[in-house]
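See structure below.
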Amino acid sequence: MTPLIDIRDLDVRFTAGASQVHAVRGLSLTVAEGESFGLVGESGSGKSTVLRAICGLAPTWDGTILIGGRALPPRRGPEFFRQVQMVFQDPYASLHPRHTVDRVLSEPLAIHGFSDRETRVERALEEVGLGRGFRFRYPHQLSGGQRQRVAIARALILEPRVLLLDEPTSALDASIQAEVLNLLDRLRTERGLTYIMVSHDLAVVAHMCDRLLVMQHGQGVEELTRAALRARAATSPYTQALLEASRGYTAA
Amino acid sequence: MALLTVDDLRVTFPTRQGPSEVVRGVSFTLGRERLGIVGESGSGKSQTGRAILGLTPPPGRATARQLVFDGIDLNRASPRDWRGLRGGRMSMVMQDPKYSLNPVMTVGRQIMEALKFHGRLSGADKRRRALDMLDAVQIRDPERVFAAYPHELSGGMGQRAMIAMMLVAEPDLLIADEPTSALDVTVQVEVLRILDRLVTDRGMGLIFISHDLRLVSSFCDRVLVMYAGRMVEELRAADLHLARHPYTRGLLNCLPDLDHDRHPLPTLERQADWAR
Ligand SMILES: Nc1ncnc2c1ncn2[C@@H]1O[C@H](COP(=O)(O)OP(=O)(O)OP(=O)(O)O)[C@@H](O)[C@H]1O
Ligand SMILES: Nc1ncnc2c1ncn2[C@@H]1O[C@H](COP(=O)(O)OP(=O)(O)OP(=O)(O)O)[C@@H](O)[C@H]1O
Ligand SMILES: [Mg+2]
Ligand SMILES: [Mg+2]
């Protein structure tokens, strides 16, 4: 069976002034339709860059990215974003500062010609635990976790097939996190959605993802199944260190 | 003597539905210790931190019966007093670091600016200290990050740049708002060790806002729990599992767990009287 997402030998470089950053180095991964795939790894190892490359937001890249067996057009048009939505790691930067929550949510609906916008906006807010009172607020009038939930609602509102989730619950307390994770789980079961989810919380990854790839220095160092993660059956020293450190803080 | 005394702190914003009090009478004292604040998203943790530093964004207003930092009555502080305190003696790592950093100034220059409180250092000394600080927060390539603009950093690198900027000034009080939420656990441990040393060796007071319960219970000395603008519980961090308030107890139960599979995760049935 062809995987829904197939990335081969992905290379991404950034040029910043005189220096070059080789952010992703020959990364390959495949995700089947309906699967939930985790990306974990060192800060700066290229996780967000992989997701951004899929969305056409990486400046120069090499390699192959296939979705449903087809190469992506150089410019991702509305057709692409109808199928693939991304929740950015940094919700502040991804929400327009002068657009109300209402506008953030209704604009994509208008672009893609949905008719029942009113109901969809209300439902989307409710699904992420934000009441009506939030609908006409601006991003700066929200707490960090409330902004993150608006970003999740925006990605879900178009009912895409694929969700790229970059640390989607990192700003949420455990109770809201549980609600969002349950929502994502339910959508995947009901609609057969496919996820790639970046998280540094191994318990969240084990909860959400069937398989995961551990990244370091722009490369994949180890692929694990959920069962292997739960059994702490990691072979690379970096993954073992991650598992060790996730037990909590111990004074040196 | 307490380093910081907060008594009946309130923060109010005007909204379409009338004034909304988002911090409703928070009181606590802080010594030279690690005090955790946990609580529901939107419960007023960040606004509490900002109000202590006099950084409530307009048109919001903050009031307190008492707000005293190291013997200084902050309720009476002039703009000049504030300039002397903020960034030098008290500082805050903001929850949205990349947004809080100056987008058009390199990371290195921003860290060097924070050293202006340290008397007369030569440019070379400042540069040295900034690079050392970036190295201490586990930045792999300090020279590149020193010369980079905030948008050229990953989420966790931006967070560490902000931490570096706040720590070079060696403040007496640090409010860290979700400072490690974008860091992988191996880097997180190293950053926490730095904070830990500043508290134990230099006697800094630390307010550590986080939603990571495992982290707070293993890293902090005490924990305050906030819900709907109020402090609903105060506990020794190690006793978090003995929490009595139904919100806190519920929180612990909602966490996914590496060892057990629980689908769906339990959620909270919030009761109206929790917010009273
Ligand atoms: N616009 C850019 N210009 C220059 N370098 C960049 C740019 N965007 C990202 N980088 C660099 O690419 C590397 C990978 O960044 P990326 O954001 O993908 O990391 P990440 O794995 O998501 O990290 P984190 O967990 O901290 O978010 C980093 O070294 C970063 O500094
Ligand atoms: N300018 C504003 N106008 C109206 N309400 C505001 C404004 N700024 C913040 N709020 C509200 O104040 C409340 C407290 O916000 P705060 O940022 O302190 O929450 P928090 O506990 O830090 O949450 P999180 O964990 O999500 O970051 C939130 O409900 C938020 O919506
Ligand atoms: Mg990232
Ligand atoms: Mg906050």
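Quick notes on this one:
- For chain B, a/c is not less than 1.5, where a ≥ b ≥ c are the root eigenvalues of the C-alpha gyration tensor, and a/b does not top b/c. That puts it in the oblate class.
- Excluding same-chain neighbours fewer than eight residues apart, the lysines reachable from A:Lys47 by a Cα-Cα span under 30 Å are B:Lys45, B:Lys98.
- Lys/Arg +1, Asp/Glu -1 at C-beta; chain B dipole; positive extreme among B:Leu198, B:Ala238, B:Val6: B:Val6
- Mean Cβ neighbour count within 10 Å, used as a protection proxy, ranking B:88-101, A:97-110 highest first: B:88-101, A:97-110
- Number of partner chain Cβ atoms within 10 Å, mean per residue of B:37-43: 6
- Per-residue average of Cβ from other chains inside 10 Å of A:140-146: 6
- Segment A:84-101-segment B:168-210 distance, computed between alpha-carbon centres (Å): 28 Å
- Rounded to the nearest whole angstrom, the semi-axes of the ellipsoid equivalent to segment B:100-170, taken from the Cα gyration tensor as √(5λ), stand at 18, 12, 11, largest first.
- With only Cα atoms counted, segment A:1-143 has Rg and Dmax values of 17.8, 51 Å.
- Inter-label distance, nm, simple model (7 Å from Cα along the C-beta direction), B:Glu33/B:Arg61: 3.4 nm
- Residue-averaged beta-carbon neighbours from other chains (10 angstrom radius) around A:179-185: 3
- Förster-model FRET efficiency, 35 Å R0, A:Ala16 and A:Glu159, C-beta, rounded to 0.05: 0.40
- Between 0 and 90°, nearest 10: helix A:174-191 axis offset from chain A longest Cα axis: 90 degrees
- Over 20 Å [Cα-Cα, segment A:163-252], rounded percent: 40 percent
- Rounded to the nearest 10 degrees, the angle from helix A:117-127 to the longest Cα principal axis of chain A is 50 degrees.
- Dividing the Cα radius of gyration of the protein assembly as shown by 2.2 N^0.38 Å, with N the residue count, gives 0.95.
- Computed [θ] at 222 nm, helices only, for the protein assembly as shown once each DSSP H run of length n ≥ 4 contributes -39500 (n - 2.57): -10000 deg cm²/dmol
- The charge dipole of segment B:123-271, taken about the Cα centre with unit charges on the Cβ atoms of Lys, Arg (+1) and Asp, Glu (-1), comes to about 220 debye, rounded to the nearest 20.
- If R0 is taken as 22 Å, the Cβ-Cβ distance between A:Ala233 and B:Asp261 corresponds to a FRET efficiency of 0.85.
- At least 15 Å along the helix axis (C-alpha) and Kyte average at least 1.0, DSSP helices within chain B: B:155-168
- Mean separation of Cα pairs under 8 Å and 6 or more residues apart, divided by the residue count, gives chain B a relative contact order of 24 percent.
- A simple spin-label model places the labels of B:Leu252 and A:Glu107 4.4 nm from each other, with each point 7 Å out along Cα-to-Cβ.
- The charge dipole of the protein assembly as shown, taken about its Cα centre with unit charges on the Cβ atoms of Lys, Arg (+1), Asp and Glu (-1) only, comes to about 1360 debye.
- Protection-proxy order for peptides B:178-187, A:191-200, each taking the mean of Cβ atoms within 10 Å per residue, highest first: B:178-187, A:191-200
- The charge dipole of segment A:5-245, taken about the Cα centre with unit charges on the Cβ atoms of Lys, Arg (+1) and Asp, Glu (-1), comes to about 520 debye, rounded to the nearest 20.
- Values of log10 I(q)/I(0), in the order q = 0.07, 0.13, 0.15, 0.17 Å⁻¹, for chain A under a Debye, Cα-only, solvent-free model: -0.24, -0.85, -1.13, -1.40
- Candidates B:Ala169, A:Ile157, A:Gly192 compared by Cα position along the dipole of the protein assembly as shown: farthest toward the positive end lies B:Ala169, with charges placed on Cβ.
Throughout, read-outs are computed from the coordinates displayed, never taken from laboratory work. Predicted model only: the values in this text are computed from it and were never measured. Counting neighbours? That spans all protein chains shown, and the Cβs are built from the backbone with ideal geometry, glycine included.
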